[in-house]
């Protein structure tokens, strides 16, 4: 009898725990994915583990100064997640944090390289799938960083772009005087007092 009386108490304790530890609904989260990233998961996890659990501003500041190649696609994914959460309008942008970031292995391309004695070595070109989840942090503090976004330059309107620019005429080059030909030089030369062999002969 004593054993039967204790069993309902254990069930009540389990129900209380289930109520207190109720997970956050999917509507209060922002989930984004990046599939088929041409990078090995081992290299991407180095950067992903660095920002896991950070607030959005701190994670963005960290990714801006990380020199690893995986930081650029993760930063792009983080900004797209923030933009999607802002478009929904259900999350407080100042309290957003990275709840989890998971990097899974994707398909692998196999290539081969020629080696000695007619053999070949396999080259594995791996891919990664990244899943990023943003959620609100009720215990969030004021951010230490402030990300400044540069304003885009003004584009020309259709009327300004269609205006004809004044044509620049090339400068006229003065023509050089033509040099006299070889035969003109021969027949136009003046005979000196001692020159003119034919005339001297006739005078003698």
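Simple spin-label model, 7 Å along Cα-to-Cβ: residue 43 to residue 117 in nm?
3.2
I'd like the Kirkwood hydrodynamic radius of the range 26-136, using the inverse of the mean 1/r over distinct C-alpha pairs, in Å. Spell out each step's value before the answer.
On the way: mean 1/r = 0.0657 Å⁻¹.
For the range 26-136, inverting the mean 1/r across all distinct Cα pairs yields 15.2 Å.
Express in nm, to one decimal, how much length is gained between residue 124 and residue 153 on full extension, taking 0.36 nm for each residue of separation and deducting their alpha carbon distance.
Details: separation 29, 0.36 × 29 = 10.44 nm, distance 4.31 nm.
That works out to 6.1 nm of additional length.
Once both labels are modelled 7 Å past Cα along the beta-carbon direction, what's the residue 83-residue 65 spacing in nm?
If labels sit at residue 83 and residue 65, their model points lie 2.6 nm apart.
Can you sort 65, 112 from fewest to most other Cβ atoms within 10 Å of each residue's own Cβ? Write out the running numbers ahead of the final one.
Details: 65 7, 112 10.
Taking fewest neighbouring Cβ atoms as first place, the list is 65, 112.
Rule-based calculations on the coordinates, nothing more; no lab input. Every value quoted in this text rests on a predicted model; they were computed, and no experiment measured them. Neighbour counts run over all protein chains shown; Cβ positions are idealised from the backbone, glycine included.
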